[in-house]
Amino acid sequence: MSERPLSFLDRPNSYIGRSVPRPNARRLLQGRGTYVDDIRLPRLLHAVFLRSPYAHARIAGIDTAAASRLPGVVRVVTAADLAGLYTPWVGTLSHLKGLKSAPQHPLAQGRACWQGEPVAAVVAESRAQAEDAAAQIAVEWQELAPLASAEAALASGAPAIHAALGDNLAFARAVDTGAVDDAFARADAVVAETFTFARHTGVCLEPRSILAEFDRSERRLTLHCSSQVPHMMKEIAARHFALAETDVRVICRDVGGSYGIKIHVYPDEMATIALALLLGRPVKFVADRLESFVSDIHAREHRVAARMAVSKSGEILAIDIDDLTGIGPYSTYPRTSAIEGNQVVNLTGSWYRCANYRARLRVAFQTKPPMSQYRAVGHPIACAVTEGLVDLAARAIAMDPAELRRRNLIADDAYPCTSPAGLIFEKLSHQRALARMLELMDYAGLRREQAALRARGIHRGIGLASFVEITNPGPAFYGVGGAPISAQDGCTLRLEPGGAVTCAISITEQGQGTETMVAQIVASVLGVALERVRVVTGDTERTPYGGGTWASRGAGIGGEAALQAAKALRANILDLAGAMLQAAPADLDIAQGWIVDAVSGARRIGLDEVGRAGYFRGDTLPPGIQPELVATRHHQPRDYPFAFTNGVQASWLELDIETGFVRLLKHWVVEDCGRVVSPLLVDEQIRGGVVQGLGGALFEECLYDGEGQLLNGTLADYLVPMAGEMPDIEVAHVMTPLAGTELGAKGAGEAGTAGAPAAVMNAINDALAPFGATVAEQPFTPARILRALGRT
Amino acid sequence: MRLSEPRLLIDINHVAVLGGIEERGGALRIGALARHSEVGASPLVARLAPLVHQAIPHIAHPAIRNRGTFGGSLAHADPAAELPACAVALDAVLLLASRRGERKVAARDFFRGIYATALAPDEIVTAIEIPPAPAGGRSVFLELARRRGDYAIAGLAAAARPGDLRLVFFGVGDRPIEAKAATAALQREPAAGRVAAAQAALARDLDPPGDLQADGATKLHLARVLLGRAAAALAA
Ligand SMILES: Cc1cc2nc3c(=O)[nH]c(=O)nc-3n(C[C@H](O)[C@H](O)[C@H](O)COP(=O)(O)OP(=O)(O)OC[C@H]3O[C@@H](n4cnc5c(N)ncnc54)[C@H](O)[C@@H]3O)c2cc1C
């Protein structure tokens, strides 16, 4: 026997740290998934929305008569028809001081503030009939002046989009710590750049979808929706439609991707609920791809003027940033649209030792679709600004950029520590991660190769980007501000009579493998085969209460709840087995579905026998024994507001200086998400995240004209990253388990997206260096690169 | 998407005479219904019209190439599509049919503007005839697209026959455009300054309208880069 008993995590048959096939993959690959659009209910109706074609316009009148007469049409509604069915919502949170927004409604109230805002709804027997009718609705529009850009919206004298709010400044924040001006004054070099980040959006395979079913007899509402946050949706529906909280059930079967798109309250989805209430028949709304482009939340759209002061010896002395971001006409509910800018302020520079930090943030209303949280909220901006400045500084003092990072990254033994903007880091591993990266990519070798190729007119670039990622947020993120968003999650486990385990958990599966990860933990702790664990997610009536899956919190919070629930059930099972075997529970263990002798490992009885005795043969148990073969545990982060992770990414690419085209050759990520439950799932999260980051860096951009009209709202014109352009992405890990939990897992869902754009930007600028050119406007299109090169 | 709402849709998929790829009377005949994937895999096409063979992999992705047809691509006349440019570069002839009978239209007269062709409303494309590549002929197909399979920001279909050179650009105008001034410069100038002269002359051939990917000046620049690369490849 070893001196230290092996923990649940490292026992010989543990699934923790192993890549296993995903139990739900076969079903999904065989096309047997159930997405909202697959759900057909008796008497089902279909909703279609007429959306504003203008960015800003008054609605002088709407004539629905012709539409109402068309075949199959059950009802055509405008704002007035839904009045009284709901209470409006306002996207503010009390801890974001000064954040303001206007009340939002399911349908535009006499005025539309973005191209795509829902104005009227048609409910018909089929989607096609509803679309035919929507085309017949006549709206008398009076165009108003659009305020498409954040700059225009904040210009003095600009009319307020919502008169009651006074102006278009939704939120502002300033941070000024240390002695910033002094540091700039004594610097050997000061570098400055204005970084621009295009508005883009998340493109889910399954668009936003909701099916609302209202049973008038009991006043019970059932929502089938494609959501990351079933319990939040339940609260929202109960709150805004005046229903008892026990009378709302939210069911999310399979969810086809989400990326933060599906954690918000959308007017069209609220309208669909209102229609179900109004009509007493189930109503389904599935956004089509075209309307998704103008109704899903958008993200980014930041312009950051930034400066960095550095000494000759390579000490970063100060960072100063000024971020202006446009969020559309409303702050999104209930998470608000101030978080992304707030994260930029919080995160920028926070992985370096530099204590002199100044940041200004302005968040502006504008007449474009609402902007809000999308994968890696704020991170890619903070990372590109910070890492872009670091590379500029390295160039200014003629120091290798890897070396400048090494000199300034927070030392691995300096934790816990607090960043200038107030982030508390428990334990990170920037130095180890960087060292591992330089070795993994053979940095020195690549530099030699680069020089040799440059001599032959081949221009390759190397870009590095260190980063932190916010994961496992505690209640300080949203809960304290008054949002019905849970920071805790729960897991209930039940031993079935035959020895299998049913696991109901409040975190959700949207394609990333949550159910697999949870099953691995449960199976490991309970000592059963993975196939014996059935995981149930996405149903507010069948799972414990919890936050869902967003902000890279599934494994860190839900995984810990699963671990603790499994420990509790394990103890209950051993209690019962002890009674059956007349043994002390401490002398027993569970392995491969058997109660075994803890020391020798000899098999005593099967779990099926325990289950059978517990459920069917209570008569055989000693008096006073009440089997408890169900256990529930919850977990919420308490010690720290967030569990930060860290890492570094690197990009190696080739620039065609004649065409401005970039070819990504290789991408590396070294990251530290604490305990890795499944290397397969973590690495794929990282890779998928990197791909989304590369999309933002090279391809994705919602192109708007000055009138606030989207110019590329189709998948032919809006370029999502495709496999053909993606490089090999190599992922390696440093493991610093999270303190305060037994599992020690932090999140990994957003790290890839956080750092990829910065790495690519730095690599492009590295390739451009011989030409004295730089780019700082994402996405880095051939046209922008050619302009930087002075070729067009 | 409700971008167009035709009242009548005629399925020509089962009209057998519209299919097939064959050598007929010395020319290559590609039926209007031949799928891109079929054309791309045809040894006959590879031998008689290597330019088309080179172009096919640039058209979208396998799933689309399995469905899209040669005739459909020409009739659709997207100015950034590959096959119309090849048809012009190769002096192809389109066979058109209606109840009034059949007629032949040279590819260079067929394309009239964005999505606009010489087709009468009651007419269909039945096939296309391509004169076979002569011995000693060469062809180069180049295009620049942000993502593999996208329509080109700028593209060039170049076919050289002894004594004759065709440079047909696509994605830089309202239809495939033959760069006559640039071609003349390439053939006239002494070897040393030839390419630069042709690139300069290209401004007389092309006046690209801007699109979502690039403004007109950038497109002209990219077309010049392609011209330089094609000239190098043809000379190699
Ligand atoms: C996602 C996507 C990406 C694509 N990318 C490219 C690309 O990169 N490059 C490229 O060149 N193409 C591309 N295409 C177009 C594709 O290659 C087909 O050529 C095109 O869709 C035409 O399809 P089709 O042959 O089925 O014709 P249809 O779609 O059936 O018809 C297109 C038009 O031509 C008319 N038409 C069709 N056949 C005839 C005929 N025989 N006679 C008269 N009129 C006819 C039809 O009435 C219609 O107006 C893409 C298409 C898609 C969907």
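A Cβ-based charge dipole, computed about the Cα centre of segment A:167-325 with Lys and Arg at +1 and Asp and Glu at -1, lands at about 680 debye. Remark: accessible area buried at the B-A interface is about 2000 Å², both chains counted, probe radius 1.4 Å.
Determine the distance separating the Cα centre of segment B:12-81 from the Cα centre of segment A:200-251; give it in Å without decimals. Here the answer is 49 Å between Cα centres.
In this structure the amide hydrogen of B:R112, modeled in the peptide plane, comes within under 5 Å of the amide hydrogens of B:T117, B:A118, none closer than 5 places in sequence on its chain.
Residues of segment A:706-752 buried by at least 40 Å² of accessible area upon assembly of all protein chains, compared with the chain on its own (1.4 Å probe): A:L719, A:M722, A:E725. Entry for the protein assembly as shown at q = 0.05 Å⁻¹: log10 I(q)/I(0) = -0.37, Debye formula applied to identical alpha-carbon scatterers, no solvent contribution.
The solvent-accessible area of A:D81, taken with every protein chain present and a 1.4 Å probe, is close to 70 Å². Got a number for carbon plus sulfur as a percent of the protein assembly as shown's accessible area, 1.4 Å probe? Carbon-and-sulfur percentage of accessible area, whole number: 52.
Could you list, in their original order, any pairs among A:K97/A:K312; A:K100/A:K746; A:K666/B:K180; A:K262/A:K746; A:K234/A:K368; A:K368/A:K666 whose Cα atoms are separated by more than 30 Å? Please list the in-between numbers first.
Details: A:K97/A:K312 40 Å; A:K100/A:K746 33 Å; A:K666/B:K180 41 Å; A:K262/A:K746 22 Å; A:K234/A:K368 28 Å; A:K368/A:K666 36 Å.
Listed pairs above 30 Å: A:K97/A:K312; A:K100/A:K746; A:K666/B:K180; A:K368/A:K666.
Residues of segment A:754-789 that become at least 40 Å² less accessible with every protein chain present than in their own chain isolated, using 1.4 Å: which are they? Checking the loss per residue gives A:A783. In the protein assembly as shown, the DSSP-assigned H stretches of four residues or longer account for a calculated mean residue ellipticity at 222 nm of -8000 deg cm²/dmol, using -39500 (n - 2.57) per stretch and the full residue count as denominator. For segment B:138-235, the solvent-accessible area of protein heavy atoms averages 40 Å² per residue (probe radius 1.4 Å; ligands and nucleic acids excluded).
The solvent-accessible area of A:E750, taken with every protein chain present and a 1.4 Å probe, is close to 20 Å². Mind checking segment A:11-80 for trypsin sites (Lys or Arg not before Pro) that DSSP puts in a loop (not H, G, I, E or B) and that have at most 13 other Cβ atoms within 10 Å? Here the sparse-neighbourhood loop sites are A:R32, A:R40, A:R43, A:R69.
Please give the residues from segment B:185-216 for which the solvent-accessible area of heavy atoms, probe 1.4 Å, is smaller by at least 20 Å² with all protein chains in place than with the chain isolated. Those residues are B:L212, B:Q213.
The residues of segment A:488-635 have, on average, 36 Å² of accessible surface per residue, using a 1.4 Å probe with all protein chains present.
List the trypsin sites (Lys or Arg not before Pro) within segment A:245-349 that DSSP assigns to loop and that have no more than 16 neighbouring Cβ atoms inside 10 Å.
Sites meeting the loop and neighbour criteria: A:K312.
Computed with the Debye formula from one identical point scatterer per Cα of segment A:540-613, without solvent, the log10 of I(q)/I(0) at q = 0.19 Å⁻¹ comes to -0.78. Among the trypsin sites (Lys or Arg not before Pro) found in segment A:91-177, those both in a DSSP coil and sparsely packed, with 13 or fewer other Cβ atoms within 10 Å of their Cβ, are A:K97. Protein heavy-atom accessible surface, 1.4 Å probe, per residue over segment A:668-792: 28 Å².
The values are calculated or read from the model by the stated rules, or taken from the named source; none is laboratory data. Since we're looking at a predicted model, the values are computed, not measured. Ideal geometry is used to build each Cβ from the backbone, glycine not excepted, and the neighbour counts take in all protein chains shown. The area values use the complete protein model at the heavy-atom level, side chains included, leaving out ligands, DNA and RNA. Shrake-Rupley method; radii C 1.70, N 1.55, O 1.52, S 1.80 Å.
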